[in-house]
Amino acid sequence: MQNKKLEHDIDWGTLGFQYIDTGKSYRAYYKDGEWGPGEITNANTVTISEASPALHLGQQCFEGLKAYRTKDGSVQLFRVDQNAARMARSAEKVMLPPYPEEDFVQAVHEVVRANQEWVPPYGYGATLYIRPFLIGVGDVVGVAPGPETIFGIYVTPVGPYFKGGLQPASFMVSRYDRAAPHGTGEAKVGGNYASSFSAGKEAQANNYADAIFLDPATHTKIEEVGSANFFGITHDNVFVTPKSPSILPSITKYSLLELAEKRLGLEVKEGDVYVDQLDQFKEAGAMGTAAVITPVGSITYEDKKHVFYSETETGPLTKALYDELTGIQFGEKEAPEGWIQTVNLNQ
Ligand code: PLP
Ligand code: COI
């Protein structure tokens, strides 16, 4: 499909993970106990009361998913219903009225359709990143949820989140915690990310791609990366990924658990991943919408570096998982039922 906005001079092959104003966003407003109709807007700004609890108390949540251009020029979404459901769970955690799941899915279709010329062409690995958000607004001075809520979506074309895409990245175990076991770790709320900034900055200052967090209760088990879940593949071919109440239930993770078992014939397990038992893994990776699958080349913990498959090459099983996942997302491989929705570009 011809890309009308090529005059913007985007080099799709080198595009990073940054914000570009595409000119069309989505907004819906919740007032007096009900959601009003949502609509496409040209504004990439939001005007709210300075006393809004989203600003002071972190009463907000968000989602992240992508639209993919296929070889025949159509545009498809990957498991958008799962993002709708997770956002409803996150909203509940911080007492925001959930945006109805069916309306969420429709809104994503609408905003992608409105921005269709920004969906990168097939063949570069680039995608249109979709960022739905809910914010609690209104005049609140004490500790309480806002009387009103805004649901919004912005979209922006993106390339790889970690430099190099399917290039092994090195990570360091952080001394900081991200979220508490009975806190908001499993919700996609901003506070979990603000509290991961210093860990991420410290990792990057030491030339690591990002930080890895340990479980906050015992500091013995791997939790996740600041922006992705973790997996390891054992020498006897078990795909293992941490099970914890304080990590984000990654949609990519649940997809890979299924693909690893059904398409690669691996045994799969959600369980404990002790940071002093990394020798059991021949390969490891970080997985998420932004990270896709990023091979974990090494993890440094207390000045000891553990290398998995290689620091420069991607392991064969990690590569096979990447090919399955991205093959489905870009329409090259058959998707399990219900995983893909095609956006009608002509409405
Ligand atoms: N963990 C964290 C902290 C994340 O921000 C993300 C990204 O959304 C993930 C894991 C991966 O989740 P998903 O696969 O649903 O994108
Ligand atoms: C995602 O993968 O969608 C994320 O949210 C990670 C990060 C960019 C916040």
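Can you find, within the range 222-239, the residue that is farthest from ligand 2 (Cβ to nearest atom) among those that are of a type in the set (Val, Ile, Thr) and buried (at least 23 other Cβ atoms within 10 Å of the Cβ)? Result: Ile233. Can you find a residue in the range 108-128 that is assigned to a helix (DSSP H, G or I) and within 16 Å of ligand 1 (Cβ to nearest atom)? Checked the range 108-128: at least one residue is assigned to a helix (DSSP H, G or I) and within 16 Å of ligand 1 (Cβ to nearest atom).
The set of residues in the range 33-66 being more than 16 Å from ligand 2 (Cβ to nearest atom), assigned to a strand (DSSP E or B) and of a type in the set (S, T, N, Q) consists of Thr41 alone. A single member of Gly288, Gly315, Gly297 is out of contact with any helix residue (DSSP H, G or I) (no Cβ under 8 Å at 6 or more places or on another chain), farther than 19 Å from Asp276 by Cα and crowded, with 20+ Cβ neighbours inside 10 Å, and it is Gly315.
Would you please name the residue that is most open to solvent (accessible area, probe 1.4 Å), looking only at residues in the range 263-273 that are over 17 Å from Gly288 (Cβ atoms) and touching a residue at least 40 places away in the same chain (Cβ under 8 Å)? Among residues in the range 263-273 that are over 17 Å from Gly288 (Cβ atoms) and touching a residue at least 40 places away in the same chain (Cβ under 8 Å), the one most open to solvent (accessible area, probe 1.4 Å) is Arg263. The C-beta contact set for the range 250-261 (first residue of a type in the set (Asp, Glu), second residue modelled with pLDDT of 95 or more and near ligand 1 (Cβ under 9 Å from one of its atoms), distance under 9 angstrom, 6+ apart or interchain) is empty.
With respect to Ala126, is the statement that it is of a type outside the set (D, E, K, R) and surrounded by fewer than 21 Cβ atoms within 10 Å (Cβ to Cβ) true? Against the criterion (of a type outside the set (D, E, K, R) and surrounded by fewer than 21 Cβ atoms within 10 Å (Cβ to Cβ)), Ala126 does not qualify. Can you pull out the residues in the range 163-221 that are loosely packed, with under 15 Cβ neighbours inside 10 Å and hydrophobic (A, V, I, L, M, F, W, C)? Passing the criteria: Ala180, Ala194, Phe197, Ala205, Ala217.
The values are calculated or read from the model by the stated rules, or taken from the named source; none is laboratory data. Remember, predicted model here, so these are calculated numbers, not experimental data. As a convention, Cβ positions derive from the backbone with ideal geometry for all residues, glycine included, and neighbour counts pool all protein chains shown. All accessible areas refer to the heavy atoms of the entire protein, side chains included, with ligands and DNA or RNA removed. Shrake-Rupley method; radii C 1.70, N 1.55, O 1.52, S 1.80 Å.
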